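First the structure, in the form of structure tokens, and then the observations on it.
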Amino acid sequence: MIATLVIFLREGIEASMIVAILLAYLDRMGARQHFRDVFLGVGAALVLAAGGGVLAYATVTSYDGSDAQTVFETCTFLLAAAVLTYMTFWMRNHARGLSGELRARAEAALGRKARTGLALLAFQAVGREGLETVVFTLAIIFSTSTRGALTGAAIGLAIALVIAFFIYRLGHRLNLGRFFSVIGALLMVFAAGLLADAVENMQQLGWLPFLDQPLWHTGGFLSEDSTFGDILHSFFGYADSPTALQIAVYVLYLAVTLTAFLHFNRPARPQSPAPTPTHTPVASDASASETPSTMPTP
């Protein structure tokens with residue numbers, strides 16, 4: 001439940017931010033008649049993502065209890081962990097330039113007077129978020145209860161829509177950089193749990209026949225099947241009988257990714273200003289004119 005809540009909150013904020021950037025640009029250009037093209041692209045992306053997710057879930061559950069289901073779940077865990085990691089670092093690298101990139105692509109579509117261009121732009125931007133969300137949701141459903149996952153998804157999406165309303169309709173501000181940093185760190189913990197689940201499946205399939213003995217058993221104290229145990233498992237990767245390889249993969253992944261992520265997020269040290277030339281006034285003026293201005297960090 002917590003995992004899908006956090007994921008739908010993040011993806012909902014990002015998708016609404018993309019739509020808001022496109023609509024704000026069209027409004028400023030006096031092209032409000034193209035709003036419906038944007039909404040058409042958004043609607044098509046959501047329908048495609050939701051339909052693909054339902055189809056994939058129905059297909060996999062038809063093989064319930066078989067090795068084929070375990071293989072598919074394992075691939076889903078690995079894919080979701082990889083996409084989560086890439087997505088988190090990508091957003092930190094491109095968040096500041098995302099608005100300019102979307103406006104440039106919208107301007108190009110308007111310049112060609114192609115209404116389908118705006119619809120495709122919205123479809124591509126929102127569809128990417130939708131497909132990512134479907135992959136993550138499937139991974140969570142396979143590792144926890146379907147009801148809890150869908151409940152968390154509904155709550156997360158509702159919170160995201162409320163936040164989006166306050167930001168874009170009432171003018172409230174949200175520190176998006178801080179938001180994506182905190183959510184990104186939490187999702188890396190979730191990705192570590194997915195990797196541990198993938199290792200467990202691969203050991204059950206006989207693909208990793210080493211370090212496969214459980215290190216401890218805490219099922220009598222806190223079982224994965226209990227409500228609280230299920231919450232801990234779905235988000236933090238809790239296992240009541242983890243193997244040595246599961247623990248090693250979990251710890252190694254978090255050590256590498258969180259170190260890199262937190263190091264990347266550290267503010268850069270301010271550089272000392274270059275000494276002002278004093279030999280001639282002309283050279284001083286020229287140096288000043290060639291020095292780029294420092295833009296404030298958003």
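The values are calculated or read from the model by the stated rules, or taken from the named source; none is laboratory data. Every value quoted in this text rests on a predicted model; they were computed, and no experiment measured them. Positions of Cβ are generated from backbone atoms using ideal geometry, with glycine treated the same way; all protein chains shown enter the neighbour counts. Accessible surface is based on the protein model in full, side chains and every heavy atom, while ligands, DNA and RNA are left aside. Shrake-Rupley method; radii C 1.70, N 1.55, O 1.52, S 1.80 Å.
The table below gives the values:
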item	result
GLY156 vs. criteria farther than 26 Å from ALA68 by Cα, modelled with pLDDT of 85 or more and open to solvent by less than 20 Å² (accessible area, probe 1.4 Å)	yes
Qualifying residue in region 2-22 (condition: surrounded by fewer than 20 Cβ atoms within 10 Å (Cβ to Cβ), in a helix (DSSP H, G or I) and among the aromatic types (Phe, Trp, Tyr))	no
Residue that is modelled with the lowest pLDDT [pool: residues in region 234-277 that are within 27 Å of the chain's Cα centre (by Cα) and among the small types (Gly, Ala, Ser)]	ALA268
Within region 202-244, considering residues that are out of contact with any strand residue (DSSP E or B) (no Cβ under 9 Å at 6 or more places or on another chain) and open to solvent by less than 20 Å² (accessible area, probe 1.4 Å), the one nearest to ILE140 (Cα to Cα)	SER234
Boolean, TYR25 is over 13 Å from GLU129 (Cα atoms) and open to solvent by 70 Å² or more (accessible area, probe 1.4 Å)	no
Those residues of region 242-257 which are under 13 Å from VAL199 (Cα atoms) and of a type in the set (Gly, Ala, Ser), in sequence order	ALA244, ALA248
Test: residue in region 85-102 that is of a type in the set (A, V, I, L, M), open to solvent by 20 Å² or more (accessible area, probe 1.4 Å) and under 21 Å from ALA125 (Cβ atoms)	yes
Selection status of ALA196, more than 17 Å from the chain's Cα centre (by Cα) and in contact (Cβ under 8 Å) with a residue 24 or more places away in the chain	yes
Residue match in region 74-93 (condition: out of contact with any Cys (no Cβ under 6 Å at 6 or more places or on another chain), of a type in the set (A, V, I, L, M), more than 27 Å from VAL256 (Cβ to Cβ) and not in a loop (DSSP other than H, G, I, E, B))	no
Search result, residues across region 245-254 that are surrounded by fewer than 17 Cβ atoms within 10 Å (Cβ to Cβ) and either polar (S, T, N, Q) or part of a strand (DSSP E or B) (or both)	none
Flag if VAL182 is in a helix (DSSP H, G or I), under 25 Å from ARG147 (Cα atoms) and either modelled with pLDDT of 75 or more or under 22 Å from the mean Cα position of the chain (by Cα) (or both)	no
Pairs, first without any contact (Cβ under 8 Å) to a residue 60 or more places away in the chain in region 40-58, second outside any helix (DSSP H, G or I) and surrounded by 16 or more Cβ atoms within 10 Å (Cβ to Cβ), C-beta under 9 Å, six or more apart	none
